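Below is one structure, written out as structure tokens; the observations come after it.
The values are calculated or read from the model by the stated rules, or taken from the named source; none is laboratory data. What you are looking at is a predicted structure, and each value in this text was computed from that prediction instead of being measured. Cβ sites come from the backbone with ideal geometry, for glycine too, and all protein chains shown count toward neighbours. Ligands, DNA and RNA are excluded from the accessible area calculation, which covers all protein heavy atoms including side chains. Shrake-Rupley method; radii C 1.70, N 1.55, O 1.52, S 1.80 Å.
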There are 2 protein chains.
Amino acid sequence: MSGRIIDFKTKPSVICWSSVVGKKEGEGPLGKVFDMIIEDDRCGLDTWEKAESHLQKVALGLILDKSGRKAEDIDGIFAGDLINQCTGSAFGIRDLGIPYIGIYGACSTSVLTLISAAEFVDSGKMKLAISSTSSHFCSAEKQFRFPLEYGGQRPPSAQWTVTGAGAALISSKDEKACPKIEKAIFGKMIDLGVTDANNMGAAMAPAAADTIASFLKETQTTPEHYDLILTGDLGKIGSQLLYQLLEKEYSIDIKEKHNDTGLMMYYVDKQDVHSGGSGCGCCGSIMCSKIMNELSEGKLHKVLVVATGALLSAVSPFQGESIPGIAHGILLTDGR
Amino acid sequence: MSGRIIDFKTKPSVICWSSVVGKKEGEGPLGKVFDMIIEDDRCGLDTWEKAESHLQKVALGLILDKSGRKAEDIDGIFAGDLINQCTGSAFGIRDLGIPYIGIYGACSTSVLTLISAAEFVDSGKMKLAISSTSSHFCSAEKQFRFPLEYGGQRPPSAQWTVTGAGAALISSKDEKACPKIEKAIFGKMIDLGVTDANNMGAAMAPAAADTIASFLKETQTTPEHYDLILTGDLGKIGSQLLYQLLEKEYSIDIKEKHNDTGLMMYYVDKQDVHSGGSGCGCCGSIMCSKIMNELSEGKLHKVLVVATGALLSAVSPFQGESIPGIAHGILLTDGR
């Protein structure tokens with residue numbers, strides 16, 4: 001390694017990807033790119049938690065179907081979510097009989113699982129590994145904020161947790177026209193003292209700035225080297241803060257190259273999602289649909305995905321803790 | 001890889017380890033081997049959660065002190081715990097400024113973080129990586145069972161969550177007389193339908209049996225090849241179940257070579273801990289004290305540590321979910 005950059009020698013291939021979202025996400029601007037839209041947010045089940053596990057189960061089923069692989073072909077699955085003890089993942093994966101490595105990075109989990117899967121494939125210890133993540137608006141609201149029935153008002157800085165899941169199959173075999181995983185960077189926790197659990201964007205923006213600035217510096221690149229620098233998910237407020245921090249602290253301007261999955265998921269103003277989308281399933285489902293599609297089609301060539309997480313629990317803000325942010329980055333290319 | 005075995009080519013060295021425990025653990029048979037015993041279970045802080053974070057902070061401080069390293073020398077820290085959203089780890093690590101990778105495997109986290117750290121060192125992507133984990137009796141009881149003030153009675157099958165933390169520093173540089181990490185195996189979730197959150201041993205024993213049998217089979221070894229097969233933590237009931245399962249299903253007898261960190265931590269009958277100890281901090285603190293000590297002293301040569309986790313949340317049993325067990329294994333040797 002040079003500094004913090006993780007350099008994947010073999011550039012593992014993303015040979016298959018899948019995405020499943022809920023009704024509201026299906027009505028957003030990306031509705032047509034997802035593999036599946038589940039109209040019933042409970043997925044016909046009796047709890048929100050079971051519904052979230054179901055989303056991951058469906059995403060994983062799609063991965064196996066689309067790739068023609070069986071569960072026993074997969075050497076390991078790296079997965080995580082926002083539900084306490086990552087049960088969204090565990091119960092979604094349980095029946096597959098695949099070795100399971102639980103990962104927790106709040107909303108940064110989508111990239112953290114992808115880095116982990118790529119690492120074991122890159123080092124030759126696995127031939128096929130899956131990364132998987134999910135979130136669900138209702139299980140998240142219930143756990144982190146208020147019961148839905150309470151009908152609590154959300155402030156304009158709040159983000160809307162995406163109901164969705166995304167999964168990717170990573171292979172050691174070089175396949176042309178597949179997205180490749182070239183580099184990564186693990187985030188440091190940065191905590192500037194934000195204590196408002198309804199303003200996650202502000203809590204996470206400093207970590208995103210640190211990760212992006214470190215990645216650019218250590219790889220000696222500028223935003224112009226990328227087709228897209230994609231954060232997930234800072235929303236409206238967090239994205240503006242990110243621009244300010246990068247310009248002020250590092251003299252870096254990413255505006256022309258930047259997008260945020262929290263701003264891509266919904267018609268932000270029309271769909272009443274306040275500052276935008278959030279949750280592991282937001283970046284997870286968009287990365288495992290639109291982004292992988294466009295890399296494989298050659299519409300995108302070089303994308304730096306920086307997933308951000310707010311490392312709070314439902315209890316920690318009430319115990320006077322501020323919210324540490326973290327951001328893990330991964331460089332995806334079209335491999336051409 | 002051959003089958004499920006993770007083979008570390010460079011055999012990363014464990015060049016430093018540290019352990020911190022609470023008062024009750026300090027009064028157990030291993031009291032003298034831990035680096036530090038904190039008499040006040042609140043560590044002078046105002047919540048149990050902050051106390052748990054403090055344990056990890058102290059364990060990490062000890063690692064840096066003992067090894068003469070600074071935080072900026074460390075390329076990454078792989079950590080996790082039982083508290084919702086792994087805040088025990090996040091808040092304990094926050095101030096160090098080390099890239100942080102959150103891991104969740106319930107009580108199997110101690111081994112899961114060690115495998116992850118070893119992997120990034122083995123592949124050359126990190127030079128120095130830390131694995132760290134903790135648990136706290138009071139934060140766990142409060143979260144998973146009853147408020148302490150309620151004074152609920154615990155059934156004989158219950159295990160006592162250890163107040164403690166363990167951390168290890170993994171290096172790519174071969175240092176003689178240091179424990180080496182040779183192999184590992186990721187566990188599959190096994191769920192035989194146990195629904196009693198007060199009988200974790202029974203929920204985890206089938207996963208431990210699967211991991212141990214798979215490891216022995218794939219490495220073509222028998223229990224006689226090891227000085228110790230150490231599970232953490234099945235307790236009394238789970239250990240007996242493990243023997244029965246291994247004998248009945250796989251014709252393997254490990255009794256002569258087996259111990260369980262849940263049985264080692266306390267004077268089980270005298271200290272009123274029912275079936276024994278549990279929690280990430282149990283296996284974590286014993287592995288990062290007695291086991292590493294004895295490997296470095298050459299008293300132990302080859303130890304298979306199999307950490308077991310029960311992948312439930314506080315909510316899942318009430319939603320009718322059974323408890324999936326998982327067990328991750330790691331082969332530690334004296335490197336001689």
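Calculate the mean, over all residues of peptide B:124-130, of how many other protein chain Cβ atoms lie within 10 angstrom of the residue's Cβ.
3
For chain B, modelled as a Gaussian network with Cα springs under 10 Å, which listed residue fluctuates most, B:ASP40, B:ASP191, B:ASP75?
Ranking B:ASP40, B:ASP191, B:ASP75 by mean-square fluctuation puts B:ASP40 first.
Roll a 1.4 angstrom probe over the protein heavy atoms and tell me the percent of accessible area of chain A that is carbon or sulfur.
50
For A:ASP272 and A:GLN244 in the same chain, what is the full-extension length gain: residue separation times 0.36 nm, less their Cα-Cα distance, in nm?
So the chain would gain 7.5 nm between A:ASP272 and A:GLN244.
Got a sec to turn the phi values of the range B:296-304 into Karplus ³J(HN,Hα) couplings, 6.51 cos²θ - 1.76 cosθ + 1.60 with θ = phi - 60°, whole Hz, x for Gly and Pro?
6, 7, x, 6, 10, 10, 8, 10, 9
Using a 1.4 Å probe on the protein heavy atoms only, what accessible surface does B:LYS24 show? Give it in Å² to the nearest 10.
50
Taking chain B as a Gaussian network, where each spring joins two C-alpha atoms under 10 Å apart, which residue of B:PRO206, B:PRO179, B:PRO155 fluctuates the most?
Sorting by GNM fluctuation, first place goes to B:PRO155.
Whole-Hz ³J(HN,Hα) for each residue in the range B:318-329, computed from phi via Karplus 6.51 cos²θ - 1.76 cosθ + 1.60 with θ = phi - 60°, x for glycine and proline: what do you get?
Running phi through 6.51 cos²θ - 1.76 cosθ + 1.60 with θ = phi - 60° gives 6, 9, x, 7, 7, 10, x, x, 8, 8, 9, x Hz.
Going 7 Å from Cα along the Cα-Cβ axis for the label, what nanometre distances separate A:LYS23 from the same residue across the other copies?
Reported distances to equivalent positions: 5.5 nm.
Per residue of the range A:24-35, in order, report the coupling 6.51 cos²θ - 1.76 cosθ + 1.60 (Karplus, θ = phi - 60°) as ³J(HN,Hα) in whole Hz, putting x for Gly and Pro.
Residue by residue, the range A:24-35 yields 4, 5, x, 8, x, x, 9, x, 7, 8, 6, 5 Hz.
By how many nm would the segment from A:LYS173 to A:VAL33 grow when fully extended, if each residue of separation counts as 0.36 nm and the alpha-carbon distance is taken off?
Result for the pair: 47.8 nm of gain on full extension.
Filter the trypsin sites (Lys or Arg not before Pro) in the range B:213-298 down to the DSSP loop ones having no more than 10 other Cβ atoms within 10 Å, then list what survives.
B:LYS270
Lysine pairs in the range A:117-229 with alpha-carbon atoms under 15 Å apart, 8 or more places apart or on different chains: how many are there?
Within the range A:117-229, the lysine pair count is 4.
Average projected area of the Cα convex hull of the range A:141-202, in nm²?
7.5
First measure r as the distance between the Cβ atoms of A:ARG154 and B:PHE146, then evaluate 1/(1 + (r/R0)^6) with R0 = 35 Å and state the FRET efficiency to the nearest 0.05.
0.60
Please state the shape class of the range A:67-206: rounded when a/c is under 1.5, otherwise prolate if a/b exceeds b/c and oblate if not, all from the C-alpha gyration tensor.
In terms of gyration-tensor shape, prolate.
Between B:ASP253 and B:THR195, what length in nm is gained on full extension when 0.36 nm per residue of separation is reduced by their alpha carbon distance?
Between B:ASP253 and B:THR195, full extension yields an extra 18.1 nm.
GluC sites (Glu not before Pro) within the range A:218-321: which are DSSP loop residues with at most 11 other Cβ atoms inside 10 Å?
A:GLU256, A:GLU297
Per-residue Cβ counts within 10 Å, from other chains only, averaged over A:37-48: what number is that?
Other-chain Cβ atoms within 10 Å of each residue's Cβ, averaged: 1.
Post the alpha-carbon centroid distance, the range A:9-58 to the range B:138-215, in whole angstrom.
31
Given a Förster radius of 22 Å and the C-beta distance between B:LYS127 and A:GLU218 as r, what FRET efficiency does 1/(1 + (r/R0)^6) yield to the nearest 0.05?
My answer for the efficiency is 0.90.
Can you tell me what share of the DSSP beta bridges in chain B is antiparallel? A percent to the nearest 5 is fine.
60
I'd like the distance separating the alpha-carbon centroids of the range A:84-133 and the range A:261-296, in whole Å.
That distance is 21 Å.
Pick out, from A:THR10, A:ALA140, A:LEU332, the residue whose Cα sits farthest towards the positive end of the charge dipole of chain A, with +1 on the Cβ of Lys and Arg and -1 on the Cβ of Asp and Glu.
It is A:THR10, whose Cα lies furthest towards the positive end.
Antiparallel versus total DSSP beta bridges in the range B:1-137: what percent is that, nearest 5?
Around 10 percent of the beta bridges assigned by DSSP in the range B:1-137 are antiparallel ones.
So, how do all the Cα-to-Cα distances of chain B break down into 10 Å bins, in percent, from 0 on up?
6, 30, 38, 22, 5, 0
Classify the range B:24-105 as rounded, prolate or oblate, taking a ≥ b ≥ c as the square roots of the eigenvalues of its Cα gyration tensor: rounded when a/c is under 1.5, otherwise prolate if a/b is larger than b/c and oblate if not.
oblate
Put A:HIS328, B:HIS258, A:HIS301 in order of accessible area, largest first, 1.4 Å probe: what do you get?
A:HIS301, B:HIS258, A:HIS328
Under the classification rounded if a/c is under 1.5, otherwise prolate if a/b is larger than b/c and oblate if not, where does the range A:277-336 fall, given a ≥ b ≥ c as square roots of the Cα gyration tensor eigenvalues?
Prolate.
Please find the FRET efficiency linking B:HIS225 to B:ALA71, where r is the Cβ-Cβ separation and R0 is fixed at 51 Å, and quote it to the nearest 0.05.
0.85
Return the average number of partner chain Cβ atoms within 10 angstrom of each residue Cβ along peptide B:87-98.
Taking all residues of B:87-98 together, the mean is 5.
Quick one: which residues, 5 or more positions from B:LEU300 or on another chain, have an amide H under 5 Å from its amide H? H modelled 1.01 Å from N in the peptide plane, none for Pro or chain starts.
Excluding prolines and chain starts, which carry no amide H, the hits are B:LEU295.
At the nearest 100 Å², what buried accessible area, both sides summed, do you get for B and A when the probe is 1.4 Å?
The contact between A and B buries close to 4800 Å².
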